[in-house]
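The values are calculated or read from the model by the stated rules, or taken from the named source; none is laboratory data. Remember, predicted model here, so these are calculated numbers, not experimental data. No Cβ is skipped: glycine too gets one built from the backbone with ideal geometry, and neighbour counts run over all protein chains shown. Surface accessibility is based on the protein's heavy atoms, side chains included, excluding ligands, DNA and RNA. Shrake-Rupley method; radii C 1.70, N 1.55, O 1.52, S 1.80 Å.
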Amino acid sequence: MNSFYLTVLSLFLTAHLGAQTNKTIASRINLDLAAKDERFDKFQITLALFELKKDSILSMNFEDLKPAVPIFVKKPVGFRSYAYGFLFFNGSSNPINKGYITVLVGNPYHKNPSLFVDHNQNFDFTDDTCYQLPYFEEPALYLNLKNAKHPNGQIKLKLSRQILTGRHDFKQFMNEYFSTTYKDRNFIGIEFTYREQRYITKSGFFRTAEDSFQIGLYDGNSDGLYNTPLTDKLLINDLEDSVFDATNPLKFELIDPHKWPMTFEKNGTVYQVNEMDTFGKFIVVEPAKKIDGNGKIQIGKKAPNMAFHLSNGERLKLRKLRKKQVYLYFSQMNAKNFQTDTLILRQLAAIDSNNLKVICVLYSKNSYELRIFQDFVKPGYLLAYGTKNISEKLGIKSIPQSLFLGKRRRVQFYGKSPQDFLRFYLQQHP
């Protein structure tokens, strides 16, 4: 091939690859990790077990909200005693115990009882898989519950023995609760029951040259399906976080078919969701081509007269700063570049304190963390508590984020990091 054709081919490939580089590329993220949500370790959910007499159990009536009815069951042989209980699961389709799956335990008072889960919900436990339940410090039992109509829809459960050492009051309360609430059946005792923990979030990692974070789908109604409208959620997490928070509006987007394609914001970039697997196996996202504000206040409009609760106990309304420019930085202590950003905030606050006010809005579940940060760092800027009300009214959809207000609370722009804003401000005020 002569040099002329080589040159033409080289130019074609360069142009083609350049066009490919400039195109927005969608990313398919496999959600193959069972992740914890904020309730996983906090909630004490008990798999209550009741004595089985002869061949009949009583249906789940959930604290007498509906009459209990007797159900004939077929039990496996070879056990001295039996107990039964119920696992909440909206993927259940049995009309008698709708929303619950029945379990049977053989020899419930032994060291390692046998567990039978009625997956097919025919109340015949002789055709079900037998699991061995753990003794106190033995590894927990993990099992999957499958949606009756859509077997690919699943949630994962962890069952471990109740640890009651030093918890006399808890033991007494739980024994009294189940005995008095379910008077029509015999509760076998809290010491013979199991703690139930649910993995109802499936997660994976989004990684590009520009950014990296965790993303997940949350099964809000525990039916094994991960795109139920106005119930399930898209969750976003920093890489270093080990728990997803489905209660923090800065960490999730509610799945709403009326707001499709769904968008979310992370580290100042708005992403668009192109596809979401019903069974939570994958999600396809890309940087949004068209951004309509994503809930932000329009440039030039007034920000609402928000009240901030400062870490020193004072209450500050934005109206009091109407004659000044205000730079608001929204973050949390484990956010990306937090230490560097707060160091620059200190510089910003010292540049022109007569005309520029700097407010750092920190989101934390524990208010004392802000007081500790205040005492340790002694920032020259204002330190305020982040709340859901603040994020909603100011259009903050993710952290870290920033908002610059001109005089009289007029919105100038969003999204400049403290470092970029410092450069901008120095250029405007040489």
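Among the residues of segment 69-96, which ones are within 29 Å of the chain's Cα centre (by Cα) and part of a loop (DSSP other than H, G, I, E, B)? Listed by number, the residues that qualify are PHE89, ASN90, GLY91, SER92, SER93. Filter segment 264-303 down to the residues that are of a type outside the set (A, V, I, L, M, F, W, C), in a loop (DSSP other than H, G, I, E, B) and free of Cβ contacts under 8 Å to residues at least 60 places away in the same chain and list them by number. Once the filter is applied, which keeps residues that are of a type outside the set (A, V, I, L, M, F, W, C), in a loop (DSSP other than H, G, I, E, B) and free of Cβ contacts under 8 Å to residues at least 60 places away in the same chain, segment 264-303 yields LYS290, ASP292.
Among the residues making up segment 219-230, a single one is surrounded by fewer than 24 Cβ atoms within 10 Å (Cβ to Cβ), of a type in the set (Ser, Thr, Tyr) and in contact with a strand residue (DSSP E or B) (Cβ under 7 Å, 6 or more places away or on another chain): SER222.
Okay, residues lined up against (1) within 30 Å of LYS42 (Cα to Cα); (2) within 31 Å of the chain's Cα centre (by Cα); (3) of a type outside the set (A, V, I, L, M, F, W, C):
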| position | (1), (2), (3) |
| --- | --- |
| ILE351 | no, no, no |
| ILE359 | no, yes, no |
| PHE373 | yes, yes, no |
| LEU383 | yes, yes, no |
| GLY406 | no, no, yes |
| VAL411 | no, yes, no |
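Just name the residue that is least open to solvent (accessible area, probe 1.4 Å) out of those in segment 128-153 that are farther than 28 Å from LYS281 by Cβ and of a type outside the set (A, V, I, L, M, F, W, C). That would be PRO134.
Against the criterion of being part of a loop (DSSP other than H, G, I, E, B), polar (S, T, N, Q) and within 29 Å of the chain's Cα centre (by Cα), ASN122 does not qualify.
Selection of segment 234-244 for residues being over 15 Å from TYR199 (Cβ atoms) and either open to solvent by 30 Å² or more (accessible area, probe 1.4 Å) or in a loop (DSSP other than H, G, I, E, B) (or both) yields ASP238, LEU239, GLU240, ASP241.
For segment 246-263, a residue qualifies if it is hydrophobic (A, V, I, L, M, F, W, C), farther than 17 Å from ASP37 by Cβ and either in contact with a Cys (Cβ under 6 Å, 6 or more places away or on another chain) or touching a residue at least 24 places away in the same chain (Cβ under 8 Å) (or both), and exactly one does: MET262. Go through segment 366-415 and report how many residues are more than 11 Å from LEU328 (Cα to Cα), in a strand (DSSP E or B) and of a type in the set (Ser, Thr, Tyr). Adding up the residues that qualify gives 1.
Criterion first (more than 19 Å from THR269 (Cα to Cα), touching a residue at least 40 places away in the same chain (Cβ under 8 Å) and in contact with a Lys or Arg (Cβ under 7 Å, 6 or more places away or on another chain)) does ARG371 satisfy it? No; evaluated as a whole, the condition is false for this residue. The lone criterion from (1) at pLDDT below 95; (2) surrounded by 19 or more Cβ atoms within 10 Å (Cβ to Cβ); (3) of a type outside the set (Val, Ile, Thr); (4) under 19 Å from the mean Cα position of the chain (by Cα) left unmet by LYS296 is number (4).
When segment 125-171 is limited to residues that are more than 29 Å from the chain's Cα centre (by Cα) and among the β-branched types (Val, Ile, Thr), the one that is nearest to ILE190 (Cα to Cα) turns out to be THR165.
If I ask for residues that are open to solvent by less than 50 Å² (accessible area, probe 1.4 Å), touching a strand residue (DSSP E or B) at 6+ places or on another chain (Cβ under 6 Å) and either modelled with pLDDT under 95 or in a helix (DSSP H, G or I) (or both), which ones from segment 165-200 would you list? Hits for segment 165-200 are PHE178, ARG185. For segment 15-31, state whether one or more residues are touching a Phe, Trp or Tyr at 6+ places or on another chain (Cβ under 9 Å) and modelled with pLDDT under 90. The answer is no, given that none of the residues of segment 15-31 is touching a Phe, Trp or Tyr at 6+ places or on another chain (Cβ under 9 Å) and modelled with pLDDT under 90.
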